[in-house]
């Protein structure tokens, strides 16, 4: 399946600026919900006379992960936003400047990671093969111990099943593994790996790459400079295993070491016990 990565519909192009209908994008703020000194409020709409990328207007990113480059996770907040009016784009990334913006729901680090990995998976063209190569290549595999591997810029690999494995390699590659003891590995700048399910594992390697451990007792590791998102869940309450804690750290080879698995437990980041994960 091929899914368009753009969220907007063209209506008019005037002097290099796009007049568009609504764009779904993502915006980072400081801890007070300010951006460049301007105070925002959730649910409010704002308008300026004009927009020019990196110069004026309201700025946000269509690619959720790119918000980390503007507002690092340590002391930042993140929201879904809706942009329209006059639109101007940055040719270097997915940054969008608009004359109008509406601040939507606050989704936090977890929401940004989930949306970022989903985008990387969805924008690929899947051939039905478990191993693919090429730009926006997509590989899918389903079943116990299934494996999916995709190589290429913006490649996506998705594996579902007990001990399933997904591996994606390339710039902005995305790997997602769902299932007990499933594993996701993404290698490349701005790559994203996400593991869901009991005792899953996520590994990321690359500049600004992110490994996200979303499921119950999931673990994550990375190389120097990568980011780990660790979530602690409580016991099953009859519907879900509720989230009771979330922490984001960068691998610095001081407090958080390269190549070491980490888990969030009792509110603290700890080295994971390999025996809990099948080896």
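The values are calculated or read from the model by the stated rules, or taken from the named source; none is laboratory data. Predicted model only: the values in this text are computed from it and were never measured. A quick note on method: Cβ atoms are made from the backbone with ideal geometry, for glycine too, and the neighbour counts reach across all protein chains shown.
Here are some residues: 220, 186. Which one is at pLDDT below 90 and part of a strand (DSSP E or B)? Even if it seems obvious, please write down each step before you answer.
Numbers: 220 fails: at pLDDT below 90.
Of 220, 186, the one residue that is at pLDDT below 90 and part of a strand (DSSP E or B) is 186.
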Inset, instruction - Would you mind listing the strands (runs of 3 or more DSSP E) fully within the range 1-78 where at least 2 residues are more than 17 Å from the chain's Cα centre (by Cα) and modelled with pLDDT of 95 or more? - result: 45-47, 58-61
Legend entry - Selection within the range 77-101 - within 30 Å of residue 230 (Cα to Cα) and either outside the structural domain of residue 42 (by TED's automatic domain parsing) or surrounded by 19 or more Cβ atoms within 10 Å (Cβ to Cβ) (or both): 77, 78, 79, 80, 81, 94, 95, 96
Inset, instruction - With the checklist (1) closer than 30 Å to residue 31 by Cα; (2) in the same structural domain as residue 200 (by TED's automatic domain parsing); (3) modelled with pLDDT of 80 or more; (4) touching a strand residue (DSSP E or B) at 6+ places or on another chain (Cβ under 7 Å) in hand, flag the one item residue 151 doesn't pass. - result: (1)
Inset, instruction - Please verify whether the range 249-258 includes one or more residues that are in contact (Cβ under 8 Å) with a residue 12 or more places away in the chain, touching a helix residue (DSSP H, G or I) at 6+ places or on another chain (Cβ under 9 Å) and closer than 15 Å to residue 212 by Cα. - result: yes
